[in-house]
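Worksheet: the structure to be examined is printed underneath.
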Amino acid sequence: MIRFQRSIRSARGRNLEAIEWAKEIAEYVNSKQPNYKVQAFSTRFGDLGTLVWQVDLEDLAALDTYQQAIGADQGYWDLIKKGTELSIEGTTYDSVFDPL
């Protein structure tokens, strides 16, 4: 198993809207990829205003297939564009974790 995580910082004064947007993305992706469950989180401590999406997959090959499917989905890109003003450009950060 691996865990894919994407984080982004919400724009100043737009955190509540950005949280709703993050939940909307997770719900949309889950409706299109029912074999996996994307979860959306908001930080409590540390860099406040950071939004995080996480999904667990079998391996890197599954991640690649998953990302290709989402990347080819126009509805997903429409949601991403919707959030352009809700997030700070250049703050997107992706991580992949292996269990110990």
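Number of residues in the range 20-39 that are in contact with a strand residue (DSSP E or B) (Cβ under 6 Å, 6 or more places away or on another chain) and either open to solvent by less than 40 Å² (accessible area, probe 1.4 Å) or closer than 21 Å to residue 89 by Cα (or both): the value is 4. Return yes when residue 87 is open to solvent by 40 Å² or more (accessible area, probe 1.4 Å), in contact with a Leu (Cβ under 9 Å, 6 or more places away or on another chain) and closer than 16 Å to residue 10 by Cβ and no when it is not. It is false that residue 87 is open to solvent by 40 Å² or more (accessible area, probe 1.4 Å), in contact with a Leu (Cβ under 9 Å, 6 or more places away or on another chain) and closer than 16 Å to residue 10 by Cβ. Limited to the range 40-68, what total is found for residues that are open to solvent by less than 40 Å² (accessible area, probe 1.4 Å), among the hydrophobic types (A, V, I, L, M, F, W, C) and farther than 30 Å from residue 12 by Cβ? Looking only at that region, the number is 3. The residue pairs whose first member lies in the range 88-100 and is farther than 14 Å from residue 54 by Cβ, whose second member is part of a loop (DSSP other than H, G, I, E, B), and whose beta carbons are closer than 6 Å, counting only pairs six or more residues apart or on different chains, are 88/11.
Within this structure, residue 3 fails the test of being more than 11 Å from the chain's Cα centre (by Cα), surrounded by 15 or more Cβ atoms within 10 Å (Cβ to Cβ) and in contact (Cβ under 8 Å) with a residue 40 or more places away in the chain. Can you list residue pairs whose Cβ atoms sit under 7 Å apart, with the first residue in the range 56-80 being within 25 Å of residue 18 (Cβ to Cβ) and the second being in a loop (DSSP other than H, G, I, E, B) and open to solvent by 60 Å² or more (accessible area, probe 1.4 Å)? Count only pairs 6 or more apart in sequence or on different chains. Close Cβ pairs (under 7 Å, with a partner that is in a loop (DSSP other than H, G, I, E, B) and open to solvent by 60 Å² or more (accessible area, probe 1.4 Å)) amount to 56/1.
The values are calculated or read from the model by the stated rules, or taken from the named source; none is laboratory data. Quantities reported herein were computed from a predicted structural model and do not represent experimental measurements. Using ideal geometry, Cβ is built from the backbone for each residue, glycine included, and neighbour counts are taken over all protein chains shown. In case anyone asks, the SASA skips ligands and DNA or RNA and just uses the protein heavy atoms, side chains included. Shrake-Rupley method; radii C 1.70, N 1.55, O 1.52, S 1.80 Å.
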